[in-house]
Amino acid sequence: MAIHLISVLVISSTLAVAAQERFPQTPLVSKRFSYPTGLPYQADSENLLRGTQFGYNLCNSSTESQESLCQTSFLNAVDDFCLWAPSKADSLIADTEGEEVAWCSQPGRGTRRIPPGALKGVQFMRTPDYVQVVGFIDQTAIDIAAGDSGGELDPHGADLRGNPLGGLVYSNAWSKNPDMYEQVIEWHNFMGGNAFCFKVCDPSGPHAANYCQHIYDRIGCAYNAPNNAKEGVFESCEGENQDFPGVYTQDGRTLTYTQPPEALGPITSVPYQPRVPASSNCKQFSSSALYTYTPSSVMPVSLAVTSASSTASPSSTSKSGGSQSQKDGESNDATYVVFSAITSIFGVLFSALFLA
Ligand SMILES: *[C@@H]1O[C@H](CO)[C@@H](O)[C@H](O)[C@H]1NC(C)=O
């Protein structure tokens with residue numbers, strides 16, 4: 001009897017240790033930090049299965065450069081947002097999901113800047129429950145390998161530490177005072193295919209987790225952030241809410257899509273077309289009016305393109321194929337749209353799907 005008891009204790013404590021190696025004490029979505037005074041050096045201070053947080057959240061003028069590893073991001077307006085992207089040129093989102101850093105359109109936040117000319121069209125949308133920014137980008141300018149169809153970043157992840165680990169997002173979209181930034185709890189950011197969508201849900205909205213759903217990581221912007229953003233157009237709009245990602249109406253019935261596991265191969269069709277909600281009051285701008293740069297502070301996009309042009313080699317094509325398999329083999333939230341041997345054909349298809 002005593003022996004049984006001891007073995008039960010041993011087994012349960014072994015399980016506890018194993019669990020602790022993977023899961024943090026507190027999931028990232030349960031952590032709260034006021035901005036800027038409550039920011040920790042790192043929101044994720046643990047050393048678990050996926051290692052330690054890659055960068056830091058305490059960002060200031062001394063961290064502001066194109067080498068910044070700041071992982072505190074913002075989504076405020078058409079001219080003021082950040083995107084999660086790698087820290088080293090030619091990286092695949094699949095290989096770097098845990099360590100993306102913030103690339104921002106504005107200075108002053110201790111982050112990298114999105115290089116001038118990289119943004120090719122941006123639509124900001126404000127709705128009752130969220131704000132989102134969708135657009136087109138030369139992704140090599142923010143260190144994403146040419147041709148990478150990318151994946152999803154969100155504050156969950158299979159181990160609840162977020163992708164990137166410890167990544168924090170703030171917004172003034174729901175503040176009376178534009179200098180007050182509120183922590184956004186639920187958000188998703190799809191990056192890849194020379195396009196992006198980033199949605200942050202009103203933290204006091206009753207359906208934040210639904211609108212910013214993170215489980216449909218393989219079906220891109222078209223399904224997670226249905227929009228009518230256009231290349232070459234820079235605009236700020238108001239709109240109605242989307243349907244919750246994955247939820248659709250067919251023959252008067254409300255249905256929920258189940259994304260198949262990656263083991264079943266590429267997703268070649270989805271049984272519904274997402275509804276693009278109505279929008280209004282769109283104001284258009286020239287990109288130079290929105291994104292101003294002092295030449296010395298930011299690497300010019302021509303340099304970024306030059307350094308990325310080496311990615312167009314056959315070896316990087318096969319490297320791109322490597323994005324098919326997840327680095328850590330776990331079913332993580334930041335997983336990828338997977339199109340194996342025919343990457344380029346599907347890449348094009350996917351871009352269409354992604355932003356349709
Ligand atoms: C600026 O940020 C760095 C990196 O997080 C940190 O080490 C440093 O203490 C910060 N400086 C101030 C004055 O907050």
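Since every read-out is calculated from the coordinates, none of them should be taken as a lab result. If you're wondering where the values come from, they're calculated on a predicted model, not measured in any experiment. Positions of Cβ are generated from backbone atoms using ideal geometry, with glycine treated the same way; all protein chains shown enter the neighbour counts.
Here Lys120 clears all of (1) in contact with a helix residue (DSSP H, G or I) (Cβ under 9 Å, 6 or more places away or on another chain); (2) in a loop (DSSP other than H, G, I, E, B) except the condition numbered (2).
Gln213: within 16 Å of the chain's Cα centre (by Cα) and under 26 Å from Ser288 (Cβ atoms), yes or no? Let's see the steps before the verdict.
Working: within 16 Å of the chain's Cα centre (by Cα): yes; under 26 Å from Ser288 (Cβ atoms): no.
Criteria not met by Gln213.
The C-beta contact set for region 40-64 (first residue in contact (Cβ under 8 Å) with a residue 40 or more places away in the chain and farther than 17 Å from Asn163 by Cβ, second residue more than 9 Å from the ligand (Cβ to nearest atom) and not in a loop (DSSP other than H, G, I, E, B), distance under 6 angstrom, 6+ apart or interchain) comprises Cys59/Thr72. If you go through region 261-272 and keep only what is within 23 Å of His188 (Cα to Cα) and either touching a residue at least 12 places away in the same chain (Cβ under 8 Å) or in a strand (DSSP E or B) (or both), you end up with Pro261, Glu262, Pro266, Ile267, Val270, Pro271, Tyr272. Of the residues that make up region 133-141, is at least one touching an Asp or Glu at 6+ places or on another chain (Cβ under 6 Å), among the aromatic types (Phe, Trp, Tyr), surrounded by fewer than 24 Cβ atoms within 10 Å (Cβ to Cβ) and in contact (Cβ under 8 Å) with a residue 12 or more places away in the chain? Yes - at least one qualifying residue is present in region 133-141. Could you list all residues from region 64-95 that are buried (at least 24 other Cβ atoms within 10 Å of the Cβ), among the polar types (S, T, N, Q) and away from the ligand (no atom under 16 Å from the Cβ)? The answer is none; no residue qualifies.
Of all the criteria given as (1) touching a Lys or Arg at 6+ places or on another chain (Cβ under 8 Å); (2) of a type in the set (S, T, N, Q); (3) surrounded by fewer than 19 Cβ atoms within 10 Å (Cβ to Cβ), the one not satisfied by Asn224 is (3). Taken as a whole, the structure places Leu153 among residues that are in a strand (DSSP E or B), more than 16 Å from the ligand (Cβ to nearest atom), touching a Pro at 6+ places or on another chain (Cβ under 7 Å) and over 23 Å from Phe285 (Cα atoms).
Restricted to region 47-63, and to residues there that are surrounded by 18 or more Cβ atoms within 10 Å (Cβ to Cβ), part of a loop (DSSP other than H, G, I, E, B) and polar (S, T, N, Q), the residue that is nearest to the ligand (Cβ to nearest atom) is Asn57.
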